[in-house]
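Presented below is the structure to which this report refers.
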Amino acid sequence: MELKKAITERRSVKNYDYEMYVDEEKVFSLVDLATYAPNHGMREPWRLVYISKKQIPEFAEKVAESAFANDSEKQEKYINKVTKVGGMFVILSKRDPRQKENLENQMAVGAFVQNLMLLMHDEGMGSCWKTPEFIFRPTFRKIVGVNDDEEVNGFLYITEKDSSVKVMERKNKSLITEW
Ligand SMILES: Cc1cc2nc3c(=O)[nH]c(=O)nc-3n(C[C@H](O)[C@H](O)[C@H](O)COP(=O)(O)O)c2cc1C
């Protein structure tokens, strides 16, 4: 697929159904390719935790209990939604006590995830980066197994493409200002 077309036509997929399955071998090979994202100092500051379709119900139940304690309706809604997804990654990045290096790490992860989403799009898969509030909670970190020196950058849901979503034109207001 042509790069320009891939960039404009990749869409965040937000509708899921139970029959969504992913080719895990393919997805993992795309993760390897995505690491060719620029990363300063070649620190490769990313790590992904994979939750397979089979594991999602157990994972979602634990996450829902910790994220929406005492609200069984919200728990159920969350579980119903995510169990439809084909598979998911929790995106982690290396936290660096140095300001500059930390900024570089965070931005490198953005480049890495965009690479991965474009590659998945190119292979006919869909994806959506998700950053719900609860990813910052210690209970969530514990469920996932996040190390103390890692930031949680959200989830990457792996899905099928949704042909009903249209290309979202960008506004690009004040994109470039002449100095
Ligand atoms: C860092 C990041 C976090 C995001 N978090 C969420 C989220 O929590 N929930 C959601 O529905 N979409 C989330 N998105 C997807 C964006 O909302 C989506 O990219 C935007 O709607 C533009 O649509 P497109 O990606 O299809 O072009 C996130 C995207 C990024 C880059």
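The values are calculated or read from the model by the stated rules, or taken from the named source; none is laboratory data. Here the structure is a predicted model, which means the values were calculated and not measured. Cβ placement follows ideal geometry from the backbone for every residue including glycine, while neighbour counts extend to all protein chains displayed. Please note that ligands, DNA and RNA were not included when accessible areas were found on the heavy atoms of the full protein model with its side chains. Shrake-Rupley method; radii C 1.70, N 1.55, O 1.52, S 1.80 Å.
Quick one: count up the residues across the stretch 116-133 that are open to solvent by 50 Å² or more (accessible area, probe 1.4 Å) and not charged (D, E, K, R). Within the stretch 116-133, residues that are open to solvent by 50 Å² or more (accessible area, probe 1.4 Å) and not charged (D, E, K, R) number 2.
Scanning the stretch 1-35 for residues that are under 29 Å from GLU169 (Cβ atoms), out of contact with any helix residue (DSSP H, G or I) (no Cβ under 6 Å at 6 or more places or on another chain) and open to solvent by 100 Å² or more (accessible area, probe 1.4 Å) yields GLU2, LEU3, LYS4, LYS14.
Quick check on VAL31: is it away from the ligand (no atom under 16 Å from the Cβ), of a type in the set (A, V, I, L, M), in a helix (DSSP H, G or I) and in contact with a strand residue (DSSP E or B) (Cβ under 8 Å, 6 or more places away or on another chain)? Yes. Candidates in the stretch 134-146 are the residues that are open to solvent by 60 Å² or more (accessible area, probe 1.4 Å) and touching a residue at least 12 places away in the same chain (Cβ under 8 Å); of these, the one that is farthest from the ligand (Cβ to nearest atom) is THR139.
One residue stands out among those in the stretch 36-59 that are assigned to a helix (DSSP H, G or I), free of Cβ contacts under 8 Å to residues at least 40 places away in the same chain and within 22 Å of THR139 (Cα to Cα): the one that is least open to solvent (accessible area, probe 1.4 Å), which is ILE56. The residues of the stretch 149-179 that are of a type in the set (S, T, N, Q) and either closer than 15 Å to TRP129 by Cβ or without any contact (Cβ under 8 Å) to a residue 12 or more places away in the chain (or both), listed by number, are ASN153, THR159, SER163, ASN172, SER174, THR177.
Per the conditions (1) under 30 Å from LYS5 (Cβ atoms); (2) surrounded by fewer than 12 Cβ atoms within 10 Å (Cβ to Cβ), the sole criterion not satisfied by GLY110 is (2).
Among the residues of this structure, ASN153 counts as one that is under 22 Å from GLU101 (Cβ atoms), touching a strand residue (DSSP E or B) at 6+ places or on another chain (Cβ under 8 Å) and modelled with pLDDT of 95 or more.
In the set GLU9, GLU19, only one residue is modelled with pLDDT under 95, away from the ligand (no atom under 16 Å from the Cβ), of a type in the set (Asp, Glu) and over 26 Å from GLU150 (Cβ atoms); that residue is GLU19. Does THR83 satisfy the condition of being more than 17 Å from GLU44 (Cα to Cα), β-branched (Val, Ile, Thr), within 14 Å of the ligand (Cβ to nearest atom) and within 17 Å of the chain's Cα centre (by Cα)? No; evaluated as a whole, the condition is false for this residue. Selection of the stretch 93-103 for residues being over 22 Å from PHE155 (Cβ atoms) and either surrounded by 18 or more Cβ atoms within 10 Å (Cβ to Cβ) or without any contact (Cβ under 8 Å) to a residue 60 or more places away in the chain (or both) yields ASP96, PRO97, ARG98, GLN99, LYS100, LEU103.
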